[in-house]
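The values are calculated or read from the model by the stated rules, or taken from the named source; none is laboratory data. What you see is a predicted model, and the numbers here were worked out from it, not measured in a lab. Counting neighbours? That spans all protein chains shown, and the Cβs are built from the backbone with ideal geometry, glycine included. For accessibility, only protein heavy atoms count, side chains too; no ligands or nucleic acids. Shrake-Rupley method; radii C 1.70, N 1.55, O 1.52, S 1.80 Å.
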Amino acid sequence: IGPFVDDADSLRSACEGAYGVYGVTFFWDHFSPEREKAQAAAIAGAAQAAGAAHVIWSTLEDSRKFIPLDDGRMPTLQGRYKVPHFDAKAEADAVFAALPTTYLLTSFYWDNLIMFGMAPRRGEDGKLVFTLPMGEAKLPQIAAEDIGRCAYGIFRRGGELIGKRVGIAGEHLTGAEMAAKLGQALGEEVAYFSPSFDAYRGFGFPGADDLGNMFQFNHDFAAQFCAARSLEFSRSVNPSLQSFDEWLSRNKSRITIG
């Protein structure tokens, strides 16, 4: 996705003649908030040039409105962010303000269990462990393909949701609930392990600090984060919305145990 959204000509060609434009950026391709904001501006420019009647911008909360930069509970990253991949998308909201835009708040993808190294891992004792630093808090989550279906449902409502900020999720689940469902699908017990946020930030993989901050934000403000992602609204625009159990039944064979 990165090379495409960096290419203004490709974007203009893709948007030409379109009724609607769904704009999404992929921070994990480059880990740069500045590049992500530039990509968002390019998407907005292409949509405007095409005269799109409806734009859906895939955005997230600005975590700094909840945890200011000088708040020591969470480290500041890259000098000016708490959760860079959240905050950059939130800053980019401004470039869509002059367009007929619906601002879509998405959720944790279940596909992370397949594509992002978050599947259960087998410990030294041979038992499976699912790691998620969320304690007992609920986390909004969704199948990636359902995001597209929800966006389509929003487009089908015409201009009803233009100018609105809406959130989607398939379920709100705790880490323990996820582990139990994973165990049922995989046919063996999966234990839930919730490390501290500092420990998670120190895991050392690219973006661990960003994700550690994200999970801390999701945990500390779980009530607000879940409330912004209504299951009822999600089903209203996507009647085929999957539950985690349904997604697992279709995708368990694609989960590679670490």
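Which of the helices (runs of 4 or more DSSP H) found entirely inside the range 72-186 contain at least 1 residues meeting this: more than 25 Å from F205 (Cβ to Cβ) and basic (K, R)?
Details: elements: 84-92, 112-115, 144-156, 175-186.
Those helices (runs of 4 or more DSSP H) span 144-156.
Report, by residue number, each residue of the range 127-146 that is out of contact with any Lys or Arg (no Cβ under 7 Å at 6 or more places or on another chain) and either at pLDDT below 95 or open to solvent by less than 10 Å² (accessible area, probe 1.4 Å) (or both).
If the condition is that a residue be out of contact with any Lys or Arg (no Cβ under 7 Å at 6 or more places or on another chain) and either at pLDDT below 95 or open to solvent by less than 10 Å² (accessible area, probe 1.4 Å) (or both), then F130, L132, P133, M134, L139, Q141, I142, A143, D146 are the ones that fit.
Return the pairs, sorted by first residue and then second, in which the second residue is of a type in the set (K, R), the first residue lies in the range 229-245 and is open to solvent by less than 40 Å² (accessible area, probe 1.4 Å), the beta carbons are less than 6 Å apart, and the residues are 6+ apart or on different chains.
N238/R149; L241/R235; F244/K181
If you scan the range 198-245, which residues turn out to be among the aromatic types (F, W, Y), over 16 Å from the mean Cα position of the chain (by Cα) and farther than 27 Å from K164 by Cβ? Before you say what the answer is, go through the steps one by one.
We begin by selecting, within the range 198-245, every residue among the aromatic types (F, W, Y); these are 200, 203, 205, 215, 217, 221, 225, 233, 244.
Adding the requirement that they be over 16 Å from the mean Cα position of the chain (by Cα) leaves 200, 203, 205, 233.
Correct list: Y200, F203, F205.
Right, L11: surrounded by 14 or more Cβ atoms within 10 Å (Cβ to Cβ) and not in a helix (DSSP H, G or I) or not? Outline the logic, then answer.
On the way: surrounded by 14 or more Cβ atoms within 10 Å (Cβ to Cβ): yes; not in a helix (DSSP H, G or I): no.
It is false that L11 is surrounded by 14 or more Cβ atoms within 10 Å (Cβ to Cβ) and not in a helix (DSSP H, G or I).
Mind checking which residues of the range 176-213 are closer than 22 Å to P75 by Cβ and open to solvent by less than 50 Å² (accessible area, probe 1.4 Å)?
Matches in the range 176-213: S194, P195, F197, A199, Y200, R201, G207, A208, D210, L211, G212, N213.
Could you please give the count of residues in the range 156-175 that are open to solvent by less than 40 Å² (accessible area, probe 1.4 Å) and over 24 Å from N218 (Cβ atoms)?
2
Go through (1) of a type in the set (V, I, T); (2) surrounded by 22 or more Cβ atoms within 10 Å (Cβ to Cβ); (3) part of a loop (DSSP other than H, G, I, E, B) for I67 and report which single condition fails.
Of everything listed in (1) of a type in the set (V, I, T); (2) surrounded by 22 or more Cβ atoms within 10 Å (Cβ to Cβ); (3) part of a loop (DSSP other than H, G, I, E, B), I67 misses just condition (2).
Could you list, ordered by first residue, the pairs with Cβ atoms under 6 Å in which the first is in the range 32-46 and acidic (D, E) and the second is assigned to a helix (DSSP H, G or I) and surrounded by fewer than 22 Cβ atoms within 10 Å (Cβ to Cβ), at least 6 apart or interchain?
Close Cβ pairs (under 6 Å, with a partner that is assigned to a helix (DSSP H, G or I) and surrounded by fewer than 22 Cβ atoms within 10 Å (Cβ to Cβ)) amount to E36/F27.
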